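Scroll down for the structure; my scribbles are underneath it.
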Amino acid sequence: MTEFLKKIKSKVKELKKETFVLAHAVADKRTPVLAKIFAAMTVAYLLSPIDLIPDFIPVLGLLDDIVLVPVLIKTTVSLIPERLLDELRTRIDSDEKLQKKWYYALPVIVIYLLLLFLLYKTFSSK
C-alpha cells in the first residue's frame, strides 16, 4: 500500500510542475478567459498554505493532493491551446522558476479569516 501511495505522490509532484505553466498562462493574453479562471484558482489553491483537508489527518489529508489537485490541473491544461502550452513550457524552461513568497498566501488567509469571523458572528449572536 505504501508503494502505491508513493507512486501517486510522485505523479502529483509531476502535475504540480505544471503550476508554473498555469501561472504564466494567467498572465498571457492568448489564454482563453475560462482557462484563466481555472488557472488562477488552481495556482491560488496550490500556493495556499491551507488545504481543503489538512495533511496531518492520516490518509484523508492526502486526499486533496491525490484527487483535487490533479483534477484542477488537468482540467485547466485541457482548456489551454496546445501550441500556447508548448510555448509557455519552453519559456519556463529558459526562465527562472517562480519564487515562493509568503505574501502570496495573504489573500487566502484574509478570506479564511473573514469566513471564520462570519461564522463566529452567525453562531454567537443569540
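The values are calculated or read from the model by the stated rules, or taken from the named source; none is laboratory data. Just so we're clear, the structure is a prediction, and the values are computed from it rather than from any experiment. Note that each Cβ is placed from the backbone with ideal geometry, even for glycine, and that neighbours are counted across all protein chains shown.
Summary of values
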read-out	value
Of all residues making up segment 20-55, the number that are touching a residue at least 60 places away in the same chain (Cβ under 8 Å), surrounded by 15 or more Cβ atoms within 10 Å (Cβ to Cβ) and either among the β-branched types (V, I, T) or not in a helix (DSSP H, G or I) (or both)	3
Filter result for the condition that a residue is assigned to a helix (DSSP H, G or I), at pLDDT 80 or above and either touching a strand residue (DSSP E or B) at 6+ places or on another chain (Cβ under 6 Å) or exposed (fewer than 14 other Cβ atoms within 10 Å of the Cβ) (or both), over L106, L72	L106
Qualifying positions in segment 1-19 - touching a residue at least 24 places away in the same chain (Cβ under 8 Å) and of a type in the set (A, V, I, L, M)	L5, I8, V12, L15
Residue match in segment 89-98 (condition: surrounded by 13 or more Cβ atoms within 10 Å (Cβ to Cβ), among the small types (G, A, S), out of contact with any Cys (no Cβ under 9 Å at 6 or more places or on another chain) and modelled with pLDDT under 85)	no
